[in-house]
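All remarks here apply to the structure that follows.
The values are calculated or read from the model by the stated rules, or taken from the named source; none is laboratory data. All values reported here derive from a predicted model rather than from experimental measurement. Here the Cβ is made from the backbone with ideal geometry for all residues, glycine too, and neighbour counts use every protein chain on show. The area values use the complete protein model at the heavy-atom level, side chains included, leaving out ligands, DNA and RNA. Shrake-Rupley method; radii C 1.70, N 1.55, O 1.52, S 1.80 Å.
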Protein chains: 2
Amino acid sequence: MNDQSLFPKATKAALKNNPPGAWMPALPKGCIRLSSGYPAPELIPSEQIKAAVDKLIQEEHDLPLHYLGSPRIKSLQRQLQRRLEERGISVQEGELLITSGGCQAIDLIARTLLDEETAIAVESPSYMEALEIFQNYTNQIITIPVDERGLQTNTLETILTERKRDGLTLPRFLYTIPSFHNPTGTTMTPERRSHLLELSIKFDFLIVEDDAYGELAFLDSPTPIKANDSAGRVLHIGSLSKVVAPGMRIGWVVGDRELVSAFAWFKKDLDHPFAQATMAAYLENVEFEQRLTLLREEYRTKRDTMIQALEQFLPSSVTWHVPEGGYFVWVKIPGIETSCLLEKALVEGVSYIPGKYFFLNQKDGSEFLRLSFSYSQKEEIIQGIQKLGKLLS
Amino acid sequence: MNDQSLFPKATKAALKNNPPGAWMPALPKGCIRLSSGYPAPELIPSEQIKAAVDKLIQEEHDLPLHYLGSPRIKSLQRQLQRRLEERGISVQEGELLITSGGCQAIDLIARTLLDEETAIAVESPSYMEALEIFQNYTNQIITIPVDERGLQTNTLETILTERKRDGLTLPRFLYTIPSFHNPTGTTMTPERRSHLLELSIKFDFLIVEDDAYGELAFLDSPTPIKANDSAGRVLHIGSLSKVVAPGMRIGWVVGDRELVSAFAWFKKDLDHPFAQATMAAYLENVEFEQRLTLLREEYRTKRDTMIQALEQFLPSSVTWHVPEGGYFVWVKIPGIETSCLLEKALVEGVSYIPGKYFFLNQKDGSEFLRLSFSYSQKEEIIQGIQKLGKLLS
């Protein structure tokens, strides 16, 4: 059977742009995983989640295992709403949709708002999975550079002004990870956040704010862009993956009610009653601010360990950005093709993600690489950087 | 902000065809829920699922709570594959995708294979949620009646022959619930299953076989269409919702590897490590054939209770189909608009789903209604039918 003839036009285009298949080689046994953007295993609250399930079943019996019916599903909505309000984001009725992770929120937004005639703007570099998702819907992707102060909003303004003047399609939305950006670890300054909001009104686009790392600040917590969204243009995506556990698949999108209602319409995995009720039961019993303090302390220590190791073991030509939160250090190794170096690194026993994979055009970013300090133990971080240093000496 | 201008053409079409919003009125307190296609609460293995989580965390600690890593994710694939093979469905590498419930499988298939230029064929009546999903992608929906022996394959052949002769679009796939059909409870005969497979080759369409109820046979288990799929044309959808619990959201699609790979590409809620690993741990510890025997016995008894009550309490003009498995009895009340009767029924304290909601054209099915015997206790079933009888006397 010739499957290709089965696929409609849009499907063919999506599959062609993004040939499925792993590009990241398998990691050898014992490899120090500085590539994994995973939470630290020791910080996953597995015992508390087990206790939450015990409590849930004891109190509710079969209710959380049906299609609907656990009162804790509404509890989770209220808990998330409260946390958002503590961060300055007001949530009205119908403005919050719980999704199966942040990725699903991105996909629902793209699926609802994009087709091959729409354009979007993204940061360059950006979250790989998001770039893949967007390319399933459109090829009109405008890329705007990120520097140490985050998205270059002046460059954005220039590009949009020119596009408008030349009669080119303006973006339907701009996708940004303003706090502890993946992969650069940078944070968009308050000035640029204001500027971005102004531009969204001037050029009539939505802002899709991916705040997956936003609560992992080592010093001051940046104010979400959504907290200043008086014009109702921001769709705020969040996730409990980095602050509780990814395996529960709990994320959300907050925004304009009509848009959120449309996202809900297209969400066909329905709710996840058991996972959501378990998360609600877990959150009831945890002192969340205390947990956040612990996470921030642990990750800050790991960041410090990595930065010190970079200073100690890498040649002086190598530069990096010191992140103020989150998981990642973005490193530049002038004159080196980091995707080629990866093979040697794996033999040496350390992994990272080559920078070019975070760019739409994979000719960019070849000298960069992303290191995660989140997952590995401190000793492993030091050893991993030492191995990297050996390769570059 | 004018949201309507934000939506691309396909999104507008989808939202227009299917205005979001509940059509089913809220059920009054104490209402006997003969509308709920839910498993029986007493058959939900909540204690065993709690025990499965306890075992899982004890053995694997944080592993099932990360993005990947629990070995039980592969276990679940093997367990499902074994169960399918026991039912005559061979599963090769890459042919099985675990989905978040059967609904997500339907949506992924539709999303991958349909656009406004493709046509599909469905049974009439059919599963409401599936009809909604398909209408998100195409308006070209050919409906084929169902009778006591299931899908009318002769009618299908006639319609497709005429369409081909007239140069009209032939369906990309036909969606069927051949065993213990929702809503009619009918089962497609073996002869018609063979005929359908022949037609799929003759007219070059795929068969999407929704087997959500297939294991709930009260006598002989029907052979899945997929078990005779030598031409590789069947996409088999299954679910553990009815045989374990809906709240875990575990379903699957089995079929041609290239198609399944495309479905996986568009699945952006990623895997559900915790739910999948929990299900695998549960299945390890349950004697599944024994459980199925218990379920079949319990549901058969409930069916018998409902049929006896129908015979006892409803006027002789009312007819129904006696299902050989599954959850539903499809009832015809000549001369009555069952969607209008519903209001009185709710006042009386019994609910059902009016038949017209299962038809693409809601002028059809107005004299029908769907009763579920799965959820309620036997006494409630009797009382509920008695209340219905009162309304019709």
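Size of the dipole of the protein assembly as shown about the Cα centre, Lys and Arg at +1 and Asp and Glu at -1 on the beta carbon, nothing else charged, in debye to 20? Please report the intermediate quantities before stating the final value.
Numbers: 84 positive and 102 negative charges, 96 e Å.
Taking the Cα centre of the protein assembly as shown as origin, the dipole is about 460 debye.
What's the local net charge at B:Q79, with K and R +1, D and E -1, over the other residues with C-beta under 12 Å away? All intermediate terms of the calculation are to be shown ahead of the outcome.
Numbers: positive: B:R72, B:K74, B:R78, B:R82, B:R83; negative: B:E85, B:E86, B:E284.
Around B:Q79, the charge tally is +2.
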> Along segment A:350-361, what does the Karplus equation 6.51 cos²θ - 1.76 cosθ + 1.60 (θ = phi - 60°) give for ³J(HN,Hα), rounded to whole Hz, x for Gly and Pro?
Replying inline: 9, 10, 8, 10, x, x, 5, 5, 9, 10, 4, 9
>> Which residues among segment B:177-198 fall inside the zone where the amide N is under 14 Å from a point 7 Å beyond the Cα of B:D147, along Cα→Cβ?
In response: B:187-189, B:192
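So, counting K/R as plus one and D/E as minus one, what does the shell of residues with Cβ under 14 Å around B:G389 add up to?
Values: positive: B:K344, B:K387, B:K390; negative: B:E311, B:E348.
Net of charged neighbours comes to +1.
How much mean residue ellipticity at 222 nm does chain A get from its helices, if each DSSP H run of length 4 or more adds -39500 (n - 2.57) and you divide by all residues, to the nearest 500 deg cm²/dmol? Don't jump to the answer; show the numbers that get you there.
Numbers: 12 runs with 159 residues, N = 393.
So the calculated ellipticity at 222 nm is -13000 deg cm²/dmol.
Let me know the shape class of segment A:202-261, please: from the alpha-carbon gyration tensor, a ≥ b ≥ c as square roots of the eigenvalues, rounded when a/c is under 1.5, otherwise prolate if a/b is greater than b/c, or oblate.
On the way: a/c = 3.03, a/b = 1.42, b/c = 2.14.
Cα axes put segment A:202-261 in the oblate bin.
Over chain A, what is the percentage of antiparallel beta bridges among all DSSP beta bridges, to the nearest 5? Intermediate values should be presented prior to the final figure.
Numbers: 20 of 40 bridges.
So the antiparallel bridges amount to about 50 percent of the total.
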> Under the Kirkwood approximation for Rh and a Cα-based Rg, what ratio Rg/Rh is obtained for chain B?
Replying inline: 0.97
> How long is segment A:195-338 along each principal axis, judged by its Cα atoms, biggest number first, in Å?
Replying inline: 53, 45, 31
>> Taking a ≥ b ≥ c as the square roots of the Cα gyration tensor eigenvalues, with a/c under 1.5 meaning rounded and otherwise prolate when a/b beats b/c, else oblate, which class fits segment A:263-334?
In response: oblate
> Which Cβ of chain A lies nearest the axis of the rotation superposing A onto B, and at what whole-Å distance?
Replying inline: A:V53, 2
>> Can you compute the charge dipole magnitude of segment A:87-227 about its Cα centre, using +1 on each Lys and Arg Cβ and -1 on each Asp and Glu Cβ, nothing else charged? Give it in debye, rounded to the nearest 20.
In response: 280
>> If amide hydrogens are placed 1.01 Å from N in the peptide plane, which non-local residues have theirs closer than 5 Å to the one on A:I32?
In response: A:V350, A:S351
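Let me spell out the model: positive unit charges on the Cβ of Lys and Arg, negative unit charges on the Cβ of Asp and Glu, origin at the Cα centre of segment B:48-284. What dipole size does that give, in debye rounded to 20?
Result for segment B:48-284 is approximately 240 debye, rounded to the nearest 20.
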> Other chains' Cβ within 10 Å of A:109-115 residues: what's the mean?
Replying inline: 4
>> Please list, in order along segment A:376-388, the HN-Hα scalar couplings obtained from phi with the Karplus expression 6.51 cos²θ - 1.76 cosθ + 1.60 (θ = phi - 60°), rounded to whole Hz, x for Gly and Pro.
In response: 7, 6, 4, 5, 5, 4, 4, 4, x, 5, 4, 4, 4
> Taking K and R as +1 and D and E as -1, what net charge do the other residues with C-beta under 10 Å from the C-beta of A:W320 add up to?
Replying inline: 0
> Could you give, in nm with one decimal, how far A:K74 is from each other copy of that position, shortest first, with labels 7 Å out from Cα toward Cβ?
Replying inline: 4.5
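Need one word for the protein assembly as shown: rounded, prolate or oblate. Basis is the Cα gyration tensor (sqrt eigenvalues a ≥ b ≥ c); a/c below 1.5 gives rounded, then a/b vs b/c decides. Present the calculation step by step, with values, prior to reporting the outcome.
On the way: a/c = 1.81, a/b = 1.66, b/c = 1.10.
It comes out prolate by the Cα gyration axes.
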>> For A:E85, place a label point 7 Å from Cα along the Cα-to-Cβ direction in every copy; what are the distances to the other copies, in nm, shortest first?
In response: 5.5
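Using a 1.4 angstrom probe on heavy atoms only, work out the carbon and sulfur share of the accessible area of the protein assembly as shown in %. Display every interim value, and only then the final one.
On the way: 14430 of 30430 Å².
Summing carbon and sulfur atoms, their accessible area is 47 percent of the total for the protein assembly as shown.
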> Under a 1.4 Å probe, what is the accessible area of chain B per residue, stated in Å²?
Replying inline: 39
> Do you know the relative contact order of chain A, to the nearest whole percent, from alpha carbon pairs under 8 angstrom that are 6+ apart?
Replying inline: 24
> Ordered by residue, what ³J(HN,Hα) values in Hz, to whole numbers, does segment A:182-194 give under the Karplus form 6.51 cos²θ - 1.76 cosθ + 1.60, where θ = phi - 60° and Gly and Pro are x?
Replying inline: 9, x, 7, x, 7, 10, 5, 5, x, 5, 5, 4, 4
>> Given contacts defined as C-alpha pairs under 8 Å and at least six residues apart, what's the relative contact order of segment A:96-231, whole-number percent?
In response: 23
> Taking both sides together, what accessible area is buried at the A/B interface, probe 1.4 Å, expressed in Å² and rounded to the nearest 100?
Replying inline: 6400
> Between copies, how close do the B:M24 label points come, placed 7 Å along Cα→Cβ, listed in nm from shortest?
Replying inline: 4.1
> Too long at a 30 Å Cα-Cα cut-off: which of A:K242/A:K332; A:K55/A:K378; B:K50/B:K268; A:K9/A:K268; A:K29/A:K267; B:K302/B:K356?
Replying inline: A:K55/A:K378; A:K29/A:K267
